[in-house]
Amino acid sequence: MTAPILKASDASGRTLTDPTDIEVHDLFADLNASWPFAIVERLDREPSGQFYFQIHLDYVGHQDPNRDEEVDIDYDVEFRDGGPDRHYGARITGLYGFAGMDLVYQVYRAWRAGDPRLADLLSWELLELDS
């Protein structure tokens, strides 16, 4: 039996070990106002806990995300590639509409595959996080 390579989790506490692309897609699609974030961690890289991809929903404007109506959502996307000096973030705005989640998923697949085109998919900024 081989060790898992990926672990995905969301704000509800749901955890998936070695999720398929479809399972990660569904995990992202299930995010909502109550459970607004998900993280996929690479378990096959060192140092442990320093290689991950995360998404956070940000409801914008004066909308009530708990009402049964269409809302504007921005997606904050981040990935860490080995430590705080390699932690990048970008925002996908609601201007993309439903295509925003498709772009999130495309970026995730590039991150998972180690695709060098990841750098060109969004306007990444190096994030300076508090220690």
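Tell me yes or no: at least one residue of the stretch 98-105 is of a type outside the set (F, W, Y) and either in a loop (DSSP other than H, G, I, E, B) or at pLDDT 95 or above (or both). No; the residues of the stretch 98-105 include none that is of a type outside the set (F, W, Y) and either in a loop (DSSP other than H, G, I, E, B) or at pLDDT 95 or above (or both).
The set of residues in the stretch 1-39 being among the β-branched types (V, I, T) and over 15 Å from L57 (Cα atoms) consists of T2, I5, T15, T17, T20, I22, V24. In this entry, Y52 is excluded by the filter for residues that are under 16 Å from L129 (Cβ atoms), in contact with a Leu (Cβ under 7 Å, 6 or more places away or on another chain), open to solvent by 30 Å² or more (accessible area, probe 1.4 Å) and at pLDDT 95 or above.
Scanning the stretch 2-42 for residues that are assigned to a strand (DSSP E or B) and of a type in the set (S, T, N, Q), we see that the one that is least open to solvent (accessible area, probe 1.4 Å) is S9. For the condition in contact with a Lys or Arg (Cβ under 9 Å, 6 or more places away or on another chain), open to solvent by less than 50 Å² (accessible area, probe 1.4 Å) and modelled with pLDDT under 90, D58 qualifies.
Being surrounded by 15 or more Cβ atoms within 10 Å (Cβ to Cβ) and either modelled with pLDDT under 95 or out of contact with any strand residue (DSSP E or B) (no Cβ under 6 Å at 6 or more places or on another chain) (or both) is the filter here, so list the residues in the stretch 77-87 that pass it.
Of the stretch 77-87, the ones surrounded by 15 or more Cβ atoms within 10 Å (Cβ to Cβ) are 77-81, 87.
Matches in the stretch 77-87: D81 only.
The values are calculated or read from the model by the stated rules, or taken from the named source; none is laboratory data. Nothing here was measured: the structure is a model prediction, and the numbers come from that model. Neighbour counts run over all protein chains shown; Cβ positions are idealised from the backbone, glycine included. The protein model used for the area step is the full one, side chains on, heavy atoms only, and it has no ligands, DNA or RNA in it. Shrake-Rupley method; radii C 1.70, N 1.55, O 1.52, S 1.80 Å.
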